Every structure is written in structure tokens, then in C-alpha cells.
1. Go through the stretch 146-211 and name the chymotrypsin sites (Phe, Trp or Tyr not before Pro) that are in a DSSP coil and have 13 or fewer other Cβ atoms within 10 Å of their Cβ.
2. Quick check on the stretch 123-196: what does the Kirkwood estimate of hydrodynamic radius come out to from the alpha carbon pairs, in Å?
3. What span do the alpha-carbon atoms of the chain cover on each of the three principal axes, reported in whole Å from largest to smallest?
4. Please compute the net charge surrounding Leu115, taking Lys and Arg as +1 and Asp and Glu as -1 over other residues with Cβ under 12 Å from its Cβ.
5. Work out which helices of the chain, taken as complete DSSP H runs, extend at least 27 Å along their axis over the Cα atoms and score a mean Kyte-Doolittle of 0.5 or more, then list them.
6. So how exposed is Phe339, as accessible area in Å² (1.4 Å probe, rounded to 10)?
7. Any chance you could get the radius of gyration and Dmax over the Cα atoms of the stretch 235-349, in Å?
8. Compute the projected area of the convex hull of the Cα atoms of the stretch 155-303, averaged over all viewing directions, and report it in nm² to one decimal place.
Amino acid sequence: MTPQTKVEILQHLIQIPSVNENETAVANYIASLFAPYPQAKVEKVPFAENRDNLVVTIGEGPQIGLSGHMDVVDPGDHSAWSHDPFGGEIVGDHLFGRGASDMKSGLAAIVITMLEFLEQGTPLKGSVRLLATVGEETGEYGAAMLTDAGYADQLAGLVIAEPSGLDNVVYTARGVIDYKVVSTGKGSHSASPEKGINAITNLMKFYNAVGPLMAQHTETDPVLGGLLHNVDLISGGEQINSIPAHAELMANMRTIPAYPNQVIYDELEALIAKLNQQPTVDLELSYSYPEEAIPGDPNAPLVQLAKQISDKICGHDTKIVGSGGANDGAEFLRAKADFTSIEIGPGSNTSHQVDEYISIQEYLQAIDFYEALVPAFFAQLVKA
């Protein structure tokens, strides 16, 4: 496959506006690329209407997973962009567009890696499975669905092509807990507050207690740092002269391996139960697609192998690092198999920003990296 064709595939992916939905159009395009190869097993796994995950498997034997998500975040005001967010425009070495960095360049690179194995008849001592997911940007529910369906149960290793940059191998990552607390009260005229129940007042009882409670978790991870807890959204009330009957808050937590999510769930739920024992207090707690932290091992064979290959292909000293953000690996690691998950892929510091771009040179290097990593991984398994 020529470099121009590789770039055109990425451009086409960027031109599909898969903003937090519409992943089926991406899945269909990728599936069409594998259509000339009957030896490739192509499966669409529906999550919802117009939202299909895609699984493509080639080869037989020990299995390595190559994973990328198909959704992108909203580009916002198009007029703020110097380049059409869904144009895939090229200026010099930069290819612009929403998802250019996060993460259609990584997705395209692993797709092309598998296509070139097929095109060139590369003998593989194992199988390669593409896991292209929906909904990563809003909760990693595509990866959760594929994991529950058993698509990661045979993995011996997993590479997620998120935009770490090829000079970083991510082996550990924070977890995420997004939660909501809804306070239900009783409306009344503000001149007669005794006839109502102020939902905001009761919500603030939780707000004032949860901060000190989470602050008690003082242990820090040497790579990821400490537990993070932020209340980011609060709303309530109807108008200035009415006692509010409804109020709610939403908070985001970034967890570390020292504090498994269940520890946090137990504490939040105990606090809610305690407050609900007070007369007139009615609080309800819910979660949105929580993810466990990924502990990882910097000395794991796959981690070290990725570093060695990136060093050689890219000519730099690849760092072994942790990530403050979650990735689909948190879901895939729930599978029955015992394997290492790493994150390494092409990217720039413009993810989720206006005029997001990827270096074409880095994108093409990423393909070279994955094409070297896969057979080396199988060789490593044989030696083990």
C-alpha cells in the first residue's frame, strides 16, 4: 500500500462525522477495506441503532488485540476552526480534522497494519484481532459490550492505539467514577418555606460532607499521583421566589489502583444512607459508566517490547509512563484472559481542540511500529 493510500484512508475516516454516535458509518467503511480478503473474519456487534462495534480477526493461534474507538468529540463552533473539522485537509506535514489525533489516526494505523499483513501474505505465528469500539468518549460502553460478549477472552496481549505519542508507552492509567446525586424536596412559596422542603439545602449537606470524606484518601501512586474528586455541575430550583423541589450535582473522580472503585462506591453509598436518615432528606445516587484504574507492570514483556521497537523505528528514547485518563483497556481487562494492556499511538497535543491535527510522518511511523510489534510479540510468546 502506498503512503498516499494510507493517508487517504485516514482522510476518509475523518470525513465521517462520528460525533459520539454514527459509528456504523465508520465500521462500514473499515469493513469494506477488508472485503477483498475472505480470510479475514469481519463481525459487526450492534450496540444501538447506527452504533456498531467492529471486530476483525485474521490468522490463527495466540491472539493480540489492536484496539481503537470510532467516535469523536463534538468539534464545537465550526467557524472557530481554520480547517473544516470534517475535511481531512493537509497543510505541509499536518493533516487536520476532528479525530485526527484522538484517535482516527491510531485507528487507521492498526487497520492498515492488518490490511498490509493480508496484502503481503505475511506469515503470522498467531492471530490479530481488531477491536473497533463505539462510545469511548462518553463511557467506553462499546468496549464493555465486547468484553461481556467474550471478544477479549482469548487475548494474550492488547495494544490500544490512543494518542500517547510514539515516544510514550502507557502501562498504567487512572480509573473514572462519574456520579450524580439528585435531591428531591417539596416546592412552596418562598414566603412560606415551612410548607416546603428545600432540595438545594439538602443537596448541600452531601456536598459539604463528601469533600472531606474523599480528602481522607491520602495515599498516592508513584506514577499516577493521588485520588482526584471534583464536583463539576450543580443545578436546582425553578425561580427566585419558590422553595426548590429539585436539585442535583454531578462529580468526576479519577481513581488510582490503591483505591478500587468499590471502596469509593461503599463510602458514597454509606454517606447517602446516613443523610437520608434525617427527616425530609431524600437523596439518590447513580453512576455513569465507571472504570477501574489499570495497575500495570512497567517490566511486563509487552511494555518493554513496545519501547524497544519504538526506540528503533522512531529513533528516540521511548518513555514508560502512566496516564491520567481512562481508556478502553479498563473494560477489556475484565475478560477471562490474563494479559497486559498498553496504550501507544500517534497523536498531537491538540486532541479535543480546535484545529486538531496529526503529523503525517508520525502517522506513517505508527504503521511501521505496529507492523513490527505484532510479529515480535508472537516471537516473544514462543520464547516464553
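1. Of the chymotrypsin sites (Phe, Trp or Tyr not before Pro), not one in the loops of the stretch 146-211 has a Cβ with at most 13 other Cβ atoms within 10 Å.
2. In the stretch 123-196 this quantity evaluates to 17.3 Å.
3. Projected onto its principal axes, the Cα set of the chain covers 79, 48, 37 Å.
4. My count for the surroundings of Leu115 gives -2.
5. Sorted by number, the helices that extend far enough and score high enough are 360-383.
6. Counting only protein heavy atoms, the figure is 20 Å².
7. 21.6, 68
8. Here the figure is 11.5 nm², rounded to one decimal.
The values are calculated or read from the model by the stated rules, or taken from the named source; none is laboratory data. Please read all numbers here as calculations on a predicted model, not as lab measurements. Here the Cβ is made from the backbone with ideal geometry for all residues, glycine too, and neighbour counts use every protein chain on show. Please note that ligands, DNA and RNA were not included when accessible areas were found on the heavy atoms of the full protein model with its side chains. Shrake-Rupley method; radii C 1.70, N 1.55, O 1.52, S 1.80 Å.
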